[in-house]
Amino acid sequence: MTSREFQDKLLRRARRAGVTLTAPVAVRLEAYYRLLAVWNAKINLTGLPLSEASPEALDRLLVEPLVAAKYVPAVATRMIDIGSGGGSPAIPLALANPQLRVLMVESKTRKSVFLREAIRALELPGADVATARFEELLARPDLHEAHDLLTIRAMRIEQRTLRVLQAFAKPGSLIFLFRGSGSPDTSEGVNPPLAWKATYPLLESLRSRLVVLEKRSVGRGVPRGTPHPS
């Protein structure tokens, strides 16, 4: 597939999702996708077929994070992505929101090597990779309550997991949970200092949604009667 064909297909998928892509961002997204495809032939970064840039692959890896990028606060400057794997949604989010300094957390060494190569190839100087389980990062005081945005997609979400992860989020920050069609609604039963803020549809083709949690300041609490999405 030529670059022009790829760009045309990507722009069509983005427009269908209500996303307007600038040419520089589209070019870098293509570079990321092609690098991912090359590495995926060597190590398992994603189970999606990448050789033909199928609509499902473009939607899942590139367009879905671009839709979510609309909900990133303009004041957010530091983001931590848990279980980064092949780099989506973290890398497309960083490309769409260049003010973000992104820390990608990935426990598998070979995947971390890919993420570092992607950072180099895409010239993302504000990005970094931590090769560790997220629990191990609790020993780093510099990461405690240091991030404006925390994102999670490719891992099971439980309340005890959220209790640990919220340690990395500033009071007033947001947590983005990317949920698929078969995923339970994590907004139910969220415990302080976290509270459900909103649930947004992402892509109709994937039946995906974005659950947004907010970390409340200590003492602020969660007002009684706080609504939850149906």
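Below are the figures for this structure:
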quantity: Residue ID - farthest from ILE91 (Cα to Cα), chosen from residues in the range 102-138 that are among the basic types (Lys, Arg) and in contact with a Gly (Cβ under 9 Å, 6 or more places away or on another chain); calculated: LYS108
quantity: Matching residues in the range 131-180 - criterion: being part of a strand (DSSP E or B) and either more than 20 Å from ARG101 (Cβ to Cβ) or under 14 Å from the mean Cα position of the chain (by Cα) (or both); calculated: HIS147, ASP148, LEU149, LEU150, THR151, ILE152, LEU174, ILE175, PHE176, LEU177, PHE178, ARG179
quantity: Test: residue in the range 54-68 that is of a type outside the set (Phe, Trp, Tyr), closer than 26 Å to GLU5 by Cα and in a loop (DSSP other than H, G, I, E, B); calculated: yes
quantity: Subset of the range 182-230 [small (Gly, Ala, Ser), at pLDDT below 70 and more than 17 Å from ILE157 (Cβ to Cβ)]; calculated: GLY219, GLY221, GLY225, SER230
quantity: Any chance SER88 is closer than 20 Å to VAL27 by Cβ and either among the polar types (S, T, N, Q) or in contact with a Gly (Cβ under 8 Å, 6 or more places away or on another chain) (or both); calculated: yes
quantity: Residues (at pLDDT below 95 and touching a Lys or Arg at 6+ places or on another chain (Cβ under 8 Å)) located in the range 86-114; calculated: none
quantity: Every residue from the range 6-56 that is under 23 Å from LEU124 (Cα atoms), in contact with a Ser or Thr (Cβ under 8 Å, 6 or more places away or on another chain) and not polar (S, T, N, Q); calculated: ALA14, GLU30, LEU36, ALA37
quantity: Selected residue [surrounded by fewer than 17 Cβ atoms within 10 Å (Cβ to Cβ) and among the charged types (D, E, K, R)] from ASP59, ASP8, ASP81; calculated: ASP8
quantity: Cβ-Cβ under 9 Å pairs, at least 6 apart or on other chains, the range 30-53 side at positive phi, far side not in a helix (DSSP H, G or I); calculated: ALA53/MET1
quantity: Residue match in the range 113-134 (condition: among the acidic types (Asp, Glu), in contact (Cβ under 8 Å) with a residue 60 or more places away in the chain and touching a strand residue (DSSP E or B) at 6+ places or on another chain (Cβ under 8 Å)); calculated: no
quantity: Residue check for ASP148: within 14 Å of VAL212 (Cβ to Cβ) and touching a residue at least 12 places away in the same chain (Cβ under 8 Å); calculated: yes
quantity: Residue in the range 65-72 that is among the hydrophobic types (A, V, I, L, M, F, W, C) and farther than 21 Å from LYS215 by Cα present; calculated: yes
quantity: Pairs where the first residue, in the range 159-180, is closer than 18 Å to VAL211 by Cβ and in contact (Cβ under 8 Å) with a residue 60 or more places away in the chain and the second is surrounded by fewer than 20 Cβ atoms within 10 Å (Cβ to Cβ) and hydrophobic (A, V, I, L, M, F, W, C), C-beta under 7 Å, 6+ apart; calculated: PHE168/LEU143; PHE168/ALA146; LEU174/VAL212; PHE176/VAL212
quantity: Count - residues of the range 22-48 that are out of contact with any Asp or Glu (no Cβ under 9 Å at 6 or more places or on another chain), part of a helix (DSSP H, G or I) and not aliphatic (A, V, I, L, M); calculated: 6
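Table: residues versus (1) surrounded by 15 or more Cβ atoms within 10 Å (Cβ to Cβ); (2) touching a Cys at 6+ places or on another chain (Cβ under 8 Å); (3) not hydroxyl-bearing (Ser, Thr, Tyr).
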site: ALA130; (1), (2), (3): yes, no, yes
site: LEU143; (1), (2), (3): yes, no, yes
site: ALA146; (1), (2), (3): yes, no, yes
site: THR151; (1), (2), (3): yes, no, no
site: MET155; (1), (2), (3): no, no, yes
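The values are calculated or read from the model by the stated rules, or taken from the named source; none is laboratory data. This one's a predicted model, so the numbers in the text were calculated from it and none came from an experiment. Backbone-built Cβ (ideal geometry, glycine too); neighbour counts: all protein chains shown.
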